[in-house]
Amino acid sequence: MKVIETKKAPGAIGPYSQGFEVGGFVYTSGQIPVNPESGEVPEGIAAQARQSCENVGAILKEAGTDFDKVFKTTCFLADMADFADFNQVYAEYFVSKPARSCVAVKSLPKGVLCEIEAIALK
């Protein structure tokens with residue numbers, strides 16, 4: 001097992017890693033839309049979805065893979081009413097259309113609107 005860590009994605013705010021490489025697969029932790037440089041969260045679901053995707057992408061890149069090799073994602077939304085706007089941004093990044101679960105949850109860390117985790121081939 002190899003820990004994946006990059007300063008181009010937000011650091012863990014708890015006892016977990018940004019990602020792991022295990023057996024030729026890369027597993028990312030859920031990425032909320034925190035800008036890793038400023039620590040700020042952008043306003044609105046589109047901007048937050050974009051930042052979450054950028055954070056996932058930074059971890060994938062650090063692991064030596066990319067969005068094209070993602071085959072499964074799990075997406076969490078604070079409000080399912082944001083589903084269409086979230087999907088519009090998500091589709092720009094995950095063009096290979098990986099398998100996906102997308103669920104609404106009661107709340108997310110820091111009060112954000114979305115979170116994305118991914119599994120990719122190395």
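The values are calculated or read from the model by the stated rules, or taken from the named source; none is laboratory data. Keep in mind the model is a prediction, meaning the values are calculated, not measured. Quick reminder, even Gly has a Cβ in these numbers, built from the backbone with ideal geometry, and neighbours come from all protein chains shown. Just the protein is used for accessible areas: all its heavy atoms, side chains included, with ligands, DNA and RNA removed. Shrake-Rupley method; radii C 1.70, N 1.55, O 1.52, S 1.80 Å.
Computed values, structure above
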item: Carbon + sulfur, % of accessible area of the chain - ligands and nucleic acids excluded, 1.4 Å; result: 53
item: Alpha-carbon Debye profile of region 10-73, log10 I(q)/I(0) at 0.16 Å⁻¹; result: -0.53
item: 23 Å Cα-Cα reach of Lys72 towards lysines, excluding residues that sit fewer than 8 places from it in its own chain; result: Lys2, Lys8, Lys61, Lys97, Lys106, Lys122
item: Most to least accessible of Lys2, Lys110 (protein chains only, probe 1.4 Å); result: Lys110, Lys2
item: Inter-label distance, nm, simple model (7 Å from Cα along the C-beta direction), Thr74/Ser96; result: 2.0
item: Stretch gain in nm, segment Val3-Lys122, where the contour uses 0.36 nm per residue and the Cα spacing is subtracted; result: 41.5 nm
item: Residues Gln88 and Tyr16, FRET efficiency given R0 of 22 Å [Cβ-Cβ distance, rounded to 0.05]; result: 0.15
item: Cα centroid of region 1-45 to Cα centroid of region 93-122, whole Å; result: 12
item: Orphan Cys of the chain, criterion: no other Cys C-beta under 4.7 Å; result: Cys53, Cys114
item: Between helix 45-62 and the chain: long-axis angle, C-alpha atoms, 0 to 90°, nearest 10; result: 0
item: Accessible area in the full protein assembly, largest first, 1.4 Å probe, for Met1, Met80; result: Met1, Met80
item: Helix axis angle, 83-93 relative to the chain longest principal axis, alpha carbon, degrees; result: 30
item: Cut-off under 5 Å, modelled amide H: who pairs with Arg100 long-range; result: Thr73
item: Largest to smallest accessible area among Lys7, Lys122 [probe 1.4 Å]; result: Lys7, Lys122
item: Solvent accessible area, Å² - Ile13, 1.4 Å probe, full protein context; result: 110
item: Heavy-atom accessible area per residue - the chain, 1.4 Å, Å²; result: 53
item: Gained length - Lys61 relative to Ala46, 0.36 nm times residue gap less alpha-carbon distance; result: 3.2 nm
